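**Q** Before anything else, here's the structure in question.
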Amino acid sequence: MRTLRAAARRAVPWKNGGGVTRGIAAHPEGAGTADFEWRVSLAEVGADGPFSGFPGVDRILTVVEGAGMDLTVGGRRRLVDERFVPQHFPGDAPTDCRLLAGPVVNFNVMFRRGRPAPAVAVVRGALTVAGPALIVALDAPAQVDGVRLGPYDAVLTAEGAAALRAEGHAAVVTLPPRQSGQEVSGI
């Protein structure tokens, strides 16, 4: 198990310059926005505008702070106004965002279409998590196998089971099984 502290992450401008993202983990290790198989981050959205496009990529977006967004994804309106509810949509469809009532923070999982996909669940309380998985404390502390996580801290678990106890909401990203010798980076 590897701990990835929120304090160690740096803000990186979005591909389109409309906000910032703080990478949590990616595969393969060292992959950038052009060559990841999957990528998990927190995105700070402070203004209305378009999302960056990612050809051949799907997204699972979860609002974790703020009132939400009114999105237009591929010409279709999609109201995202509930916190902690994962929303799936294509990352290459033109997406426009209008904030409902000020800035939001989104938990964002992106992955290449046609490859094994991660699954995202937002949970509370006690749970046994089968690995490999990425567990992120969202709005309150959590504990994974005795490791205390503050908000936005994360752990990468290996194959096997990990005991999660979330005082608030925690995101559990079930990751595709790794091939022998493959590494996952905390970014």
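Values quoted throughout were computed directly from the atomic coordinates according to the rules given, and no laboratory measurement underlies them. Source: prediction; values computed, not measured. Glycine also receives a Cβ, built like all others from the backbone with ideal geometry; neighbour counts cover every protein chain displayed.
**Q** Please give the Cα centre distance for the stretch 105-130 versus the stretch 1-80, rounded to the nearest Å.
**A** Here the answer is 13 Å between Cα centres.
**Q** Quick one: which residues, 5+ away or cross-chain, put their amide H under 5 Å from the amide H of residue 113? H built at 1.01 Å from N.
**A** 57, 58
**Q** As a footprinting exposure proxy, order 1, 69 by other Cβ within 10 Å, with the fewest listed first. It would help to have the intermediate numbers written out before the result.
**A** On the way: 1 15, 69 23.
By the 10 Å Cβ count, ascending, the order reads 1, 69.
**Q** Ok, one more. Fewest Cβ neighbours within 10 Å first, please rank 27, 88 accordingly. Write out the running numbers ahead of the final one.
**A** Numbers: 27 21, 88 11.
Neighbour counts put them in this order, fewest first: 88, 27.
**Q** What are the residues whose amide H is under 5 Å from the amide H of residue 19, where those residues sit 5 or more places off or on another chain and H is modelled from the backbone?
**A** For residue 19, the qualifying residues are 14.
**Q** Additional query: Give me the orientation-averaged projected area of the Cα convex hull of the stretch 10-112, in nm², one decimal. Walk me through the numbers before you get to the answer.
**A** Working: hull surface 22.6 nm².
The orientation-averaged projected area of the Cα hull of the stretch 10-112 comes to 5.6 nm².
**Q** Sticking with this one: How compact is the chain by the rule of thumb for globular proteins, expressed as Cα Rg over 2.2 N^0.38 Å?
**A** Details: Rg = 15.6 Å, N = 187, 2.2 N^0.38 = 16.1 Å.
Rounded to two decimals, the normalised Rg is 0.97.
**Q** Here's a follow-up. Work out which GluC sites (Glu not before Pro) in the chain are exposed loop sites (DSSP not H, G, I, E or B, at most 12 other Cβ within 10 Å) and give the longest gap free of them. Display every interim value, and only then the final one.
**A** Working: sites that count: 29, 82, 183.
In the chain, the maximal stretch lacking such sites is 83-182.
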